[in-house]
Structure formats: C-alpha cells, structure tokens
1. Solvent-accessible area per residue for the range 49-140 at a 1.4 Å probe radius, Å²?
2. Quick one: dipole size for the range 30-93, taken about the Cα centre, charges +1 on Lys/Arg Cβ and -1 on Asp/Glu Cβ, in debye to the nearest 20.
3. When only C-alpha pairs under 8 Å and at least 6 residues apart count, what is the relative contact order of the range 119-223, in percent?
4. Going toward the positive end of the dipole of the chain, with +1 on Lys and Arg Cβ and -1 on Asp and Glu Cβ, which of 97, 129, 66 do you reach last?
5. Using +1 on the beta carbon of Lys and Arg, -1 on that of Asp and Glu, and nothing else charged, what's the dipole of the chain about the Cα centre, debye to 20?
6. So what's the angle, to the nearest 10 degrees on a 0 to 90 scale, between helix 71-88 and the longest Cα principal axis of the chain?
7. Find the relative contact order for the range 48-120 and round it to a whole percent, using C-alpha pairs within less than 8 Å whose residues are 6+ positions apart.
8. Tell me which lysines have Cα within less than 18 Å of residue 22's Cα, excluding those fewer than 8 residues away on the same chain?
Amino acid sequence: ASEECWEISNELVLTTQKAYEKKIISFKIISGVLSAITLGLITVVWFIRYYVRKRLEYAVSHDTLTRILNRHSFNIYLDTELARYNRYNTNLSLVIFDIDKFKNINDAYGHKAGDSVLHSVSRAVSKVIRSTDLFFRIGGEEFAIIAPGTSLKESVYLSEKIREAVQDTRCIHKIKVTISVGTVQATRKETSETLFEKADQAMYKAKESGRNQVATNADTNNI
C-alpha cells in the first residue's frame with residue numbers, strides 16, 4: 001500500500017511539475033509577445049512624433065508654393081550669417097530680386113498662372129545658385145539669396161547668372177518674365193536691417209533703370 005501511495009504521490013508531483021512548467025512557458029510566451037507589441041507601439045509612436053515634428057519644422061521654415069525657405073527662415077539665417085561674418089572676417093553678400101510687372105501676369109492670366117510663374121522662377125534660380133547659397137521667398141514676388149563667402153564682384157556675377165536663367169525660362173502660357181536684381185556686400189558691424197535696406201534700394205535702382213538688370217549700391221567701375 002505504501003508503494004502504491006508513493007507511486008501515486010510521485011505521479012502527482014510530476015504532473016504538477018509539468019503543469020507548472022507549461023504555465024511558465026506560456027507566461028514567457030505571453031510576456032514576450034506583450035514586450036514585442038509594447039516595443040512596436042513605442043517605435044511607431046516615436047516615428048509618428050519624429051515625422052510630425054519634421055513636417056511642422058518644414059512648414060514653419062519653407063514656403064508652401066515654391067518649397068524654398070520663407071521669410072521667417074530668412075530673418076534667422078541672415079542674423080546667423082552676419083554673426084559668422086563679423087566673427088570670422090569672411091565675405092558676405094545679399095541678393096534681392098523681384099519679378100518685373102508681376103501684377104500684369106495675375107491680371108492677364110489669373111492667380112493660378114501667377115503661382116505657376118513663381119514656381120517656375122524658383123526652380124530656375126535653384127538650378128544656378130551654389131550649394132552654399134541660401135534661397136528664400138520673402139514676399140509675394142520677391143526673393144532673396146544669402147551668399148556666404150561672396151564678395152560684391154562675385155555676387156554681381158551670380159546675380160547675372162540668376163537674371164539670365166529667369167529670362168530664358170518659359171512659364172505657363174509661354175509667359176516670359178524678367179527680374180530686377182539688387183546685390184550688396186556686408187560691411188563691418190552691419191545689421192540685418194541695414195543690409196536688407198541697402199539690397200532693397202539696389203533692387204529698386206535696377207527697376208528704375210529699366211528693369212531686367214542687376215544693380216548695386218556701389219560704383220560699378222570700382223567692383
């Protein structure tokens with residue numbers, strides 16, 4: 001009788017041990033699955049937050065129509081580049097241009113055509129500027145280029161390339177557009193306001209001189 005009891009007891013112990021081991025295995029599987037799901041959810045949330053943050057940063061810094069940098073970015077970059085210019089004693093130039101008689105395009109063809117022209121002009125300019133140049137849309141039909149490490153003579157050459165590229169561009173409805181360009185070189189202790197004002201004045205000088213040309217605030221013979 002004692003041997004039978006021992007065998008029954010031993011079988012019960014083995015059965016209990018196997019059941020316990022199965023529960024442990026099931027628990028490990030469930031824990032592993034839950035951990036994988038949790039890790040997956042954390043990864044998805046992180047990617048969504050990263051994507052949303054990047055999209056928001058892009059929306060804040062870029063123009064939605066032309067997809068180049070906007071006026072907000074221009075103000076930030078101009079202050080940054082002026083600080084670098086004053087610290088490291090390097091050249092810095094600013095180019096501003098405006099599409100000539102742009103209102104006439106909107107009046108004649110509509111605002112959708114005007115938007116298409118803005119997009120075509122920005123694409124044409126993007127192809128000829130250098131990788132170090134920073135390109136912005138700062139107003140309706142007004143654009144700016146910050147050119148680090150660039151003297152006035154070099155910025156005039158760059159401005160002529162830009163003017164010619166736009167002049168050779170054929171937009172929607174075969175519209176031909178030209179631009180008036182003003183370019184200036186920064187001087188010591190220059191502020192973003194004074195530099196922008198000088199470039200803006202140079203641009204209006206180009207407009208007053210007949211449009212479709214480049215002007216500076218300096219004597220051309222001394223460049």
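1. The answer is 59 Å² per residue.
2. 60
3. 23
4. In the chain, that residue is 97.
5. The dipole of the chain has a size of about 700 debye.
6. Taking the Cα atoms of the chain, the angle to 71-88 is about 80 degrees.
7. 21
8. Partners within reach: none.
The values are calculated or read from the model by the stated rules, or taken from the named source; none is laboratory data. Every value quoted in this text rests on a predicted model; they were computed, and no experiment measured them. Don't worry about glycine lacking a Cβ; one is built from the backbone with ideal geometry, like all the others, and counts go over all protein chains shown. In case anyone asks, the SASA skips ligands and DNA or RNA and just uses the protein heavy atoms, side chains included. Shrake-Rupley method; radii C 1.70, N 1.55, O 1.52, S 1.80 Å.
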